[in-house]
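S.K.: Next up is a structure, given as structure tokens.
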Amino acid sequence: MSKVFRTLVILAGLVFSQSLFAASTVYEVSKGKQKVYIAGTIHLMRPSDFPVPAEFDSAYKNAQKIYFETDMEKAKTPEFGQRFAQAMMLTNNKTLKDVLSADNWAALQVYSAKSQYPLSQTMMFNPAMVSILITLTESKKLGVADGIDAFYDKAARADNKPIGEMESADEVIAYMQKFSQEDPDKTIESVLKDVENMPSDLEKMIVSWRAGDLDALDASFSERMRKETPMLYQSLIVDRNQKWLPKIEAMLKTPEIEMVLVGSLHLSGSDGLLALLKKAGYKVKPVNL
């Protein structure tokens, strides 16, 4: 599977099997009377993938404040879009052709012609951004749209529930710029090789997520990222989890009940939030209804 797709549908220490946590991607983390719900999400889903498992609604109803990876309304603004695009542009007037090998440039042209991807309009972007755009283009062909995060963001705003963010827009851009440091040819090779597998990969992810099988998610997606692109895994999963951990611990000191919705790969594996919280002495248990 494309590392970009893993990141998006994602866009994760104590070593122990996630099978200790059974059949749920929503968890109650507690210490004494204080508790927080941590919910593993899928960022991009098909309409047929709804409704979500009942434990999501249960946690949402019990929570007084809802946290997302970032403020989704701000992320939709033209200002953020312009800043993000600017940060992902190639420097020194270079184009994609300048930073790719002849073989990969030719392969990208073949893909563009076959899939009607507007390559000429994205020549100024770095390979990481082009990979994201290709992935989104292919996702739309599958009928993929907003996922669980957007669903509960809309619900929280309609219900006037306070909304928080785990990271700022500036931090999001910084993480994606680190993604841009991956080898240009490997980035393009990866996305071109794997777009054809996207339907089966998406289905596998949804099935594992709905079953609460974090072992399968980790083995199918995180493990490959650790092996193939360790720098990307460190930046997008490990570093972010380490920064989010103290924020979650601070929530556990407040009288309110919070619900934190983050990509499911942030929960899985020995670098996941569940492992970090358990190691820090908190009680972690799945929400099963």
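Computed from the coordinates by the stated procedures, all read-outs in this text should not be read as laboratory data. The structure displayed is predicted, hence computed values, not measured ones. Here the Cβ is made from the backbone with ideal geometry for all residues, glycine too, and neighbour counts use every protein chain on show.
S.K.: Tell me, what HN-Hα J-couplings in whole Hz come from the Karplus equation 6.51 cos²θ - 1.76 cosθ + 1.60 at θ = phi - 60° for each residue of region 90-95, using x for Gly and Pro?
M.R.: Per residue, the Karplus-derived 3J(HN,Hα) values read 5, 9, 6, 6, 6, 10 Hz.
S.K.: When DSSP beta bridges are limited to those with both residues in the chain, what percentage is antiparallel, rounded to the nearest 5? Mind dumping the intermediate values first?
M.R.: On the way: 13 of 26 bridges.
Among the beta bridges of the chain, antiparallel pairing accounts for roughly 50 percent.
S.K.: With the cut-off at 31 Å, tell me which of the pairs Lys31/Lys161; Lys61/Lys253; Lys31/Lys76; Lys76/Lys247; Lys35/Lys141 have Cα atoms farther apart than that. Provide the component values of the computation, followed by the final result.
M.R.: On the way: Lys31/Lys161 24 Å; Lys61/Lys253 20 Å; Lys31/Lys76 36 Å; Lys76/Lys247 24 Å; Lys35/Lys141 40 Å.
From the list (Lys31/Lys161; Lys61/Lys253; Lys31/Lys76; Lys76/Lys247; Lys35/Lys141), the Cα-Cα distance tops 31 Å for Lys31/Lys76; Lys35/Lys141.
S.K.: How far apart, in nm, are the 7 Å Cα→Cβ label points at Met124 and Ala155?
M.R.: 4.1
S.K.: Taking H as built 1.01 Å from N, whose amide H comes closer than 5 Å to the amide H of Glu165, not counting residues under 5 places away?
M.R.: Phe68
S.K.: Now for a separate question. Collect residues whose amide H, placed 1.01 Å from N in the peptide plane, falls under 5 Å from the amide H of Leu44; neighbours closer than 5 in sequence don't count.
M.R.: none
S.K.: For region 185-222 and region 67-135, compute the distance between their C-alpha centroids and round to whole Å.
M.R.: 21
S.K.: Across region 209-218, in residue order, what do the Karplus-derived ³J(HN,Hα) couplings come to in whole Hz, using 6.51 cos²θ - 1.76 cosθ + 1.60 with θ = phi - 60° and x for Gly and Pro?
M.R.: Rounded to whole hertz, the list is 5, 5, 7, x, 8, 5, 4, 5, 4, 5.
S.K.: What are the ³J(HN,Hα) couplings of region 274-289, residue after residue, when phi is run through the Karplus curve with 6.51, -1.76, 1.60 and θ = phi - 60°? Round to Hz, x for glycine and proline.
M.R.: Once θ is set to phi - 60°, the couplings for region 274-289 become 5, 5, 5, 5, 5, 5, 7, x, 8, 7, 10, 9, x, 8, 10, 10 Hz.
S.K.: Could I ask something else about it? Using per-residue counts of other Cβ atoms within 10 Å, averaged over each peptide, order 200-213, 122-135 from highest down.
M.R.: Details: 200-213: 17.9, 122-135: 21.8.
Order by mean packing, descending: 122-135, 200-213.
S.K.: Can you compute the equivalent ellipsoid semi-axes for region 174-223, i.e. the square root of 5 times each eigenvalue of the Cα gyration tensor, sorted largest first and rounded to whole Å? Numbers along the way, then the final one.
M.R.: Numbers: eigenvalues 123, 45, 15 Å².
Here the semi-axes work out to 25, 15, 9 Å.
S.K.: Taking the chain as the region of interest, what is the percent of Cα-Cα pairs per 5 angstrom bin, listed from the shortest bin to the one with the maximum distance?
M.R.: Final binned percentages: 1, 5, 12, 16, 18, 17, 13, 8, 5, 3, 1, 0, 0.
S.K.: Over all alpha-carbon pairs of region 36-89, lay out the pair-distance distribution in 10 Å bins, whole %, shortest bin first.
M.R.: Spelled out bin by bin, region 36-89 gives 17, 37, 30, 16, 1 percent.
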